[in-house]
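Below: the structure, in C-alpha cells.
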Amino acid sequence: MPVPYDPHQNTTETGFDFQALDYSCLTDEHEMHVINLLYQFPEILEEATSKMRPHQITRFVYEVSQAFTAFYHACPIVQESPSTRDARLGLCEAVRRMLKYGLSLLSIDVLIEM
C-alpha cells in the first residue's frame with residue numbers, strides 16, 4: 001500500500017528543501033500552467049470527496065500529467081542557471097508528490113523506476 005502524502009514535509013528523501021527555493025524565475029507559460037494546476041489540487045480533492053466523485057481526481061491527475069509533459073519538453077532543466085534549474089527541480093518534485101498522492105487515493109501504486 002502506498003505511503004500517505006505528508007503535505008507538511010519540506011524535504012525529499014534526498015534532503016532537497018524545495019520550499020526554500022526562489023520560484024520567481026518561473027515565468028514560462030508551461031511552468032505557470034503546472035503551478036496553477038497544483039494550486040487547484042486541494043479544491044479538486046474537496047469537491048471530489050464531498051460529492052463522492054473519484055473520477056474528478058482521475059481526470060485531474062491526467063490533466064497534471066499532460067501539463068507536466070508539456071513543461072518538461074518546453075523547459076530545459078539541467079542546462080539552465082542554478083537558480084532556474086533548482087526552481088524547476090522543485091516544481092518537478094511538487095508534481096511528483098501530487099501525482100503520487102492523487103494516485104494513492106485511487107489505490108494505484110506508483111512505479112519508482114522502469
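Worth a mention:
- With 0.36 nm allotted per residue and the present C-alpha distance subtracted, the Gln40-Glu80 stretch has 11.6 nm of extension available.
- Computing FRET efficiency as 1/(1 + (r/R0)^6) for Thr69 and Ser24, where r is the C-beta to C-beta distance and R0 is 30 Å, gives about 0.80.
- Cα centroid separation - segment 69-99 against segment 21-51, whole Å: 14 Å
- The ellipsoid equivalent to the alpha-carbon distribution of segment 73-114 has semi-axes of 26, 11, 8 angstrom, derived from the gyration tensor eigenvalues as √(5λ) and listed largest first.
- Modelled label positions at Glu113 and Ser50, each set 7 Å beyond Cα in the direction of Cβ, lie 4.3 nm from each other.
- Phi-based couplings in Hz for segment 80-95 (Karplus 6.51, -1.76, 1.60; Gly and Pro marked x): 7, 4, x, 5, 5, 4, 5, 5, 5, 5, x, 5, 4, 5, 5, 5
- Stokes-Einstein diffusion coefficient of segment 33-105, Kirkwood radius over Cα pairs, 20 °C, 1.002 mPa s, in µm²/s: 165 µm²/s
The numbers here are math on the coordinates, done by the rules we state, and not lab data. Every value quoted in this text rests on a predicted model; they were computed, and no experiment measured them. FYI the Cβ positions are ideal-geometry reconstructions off the backbone, even for glycines, and counts take in every protein chain you see.
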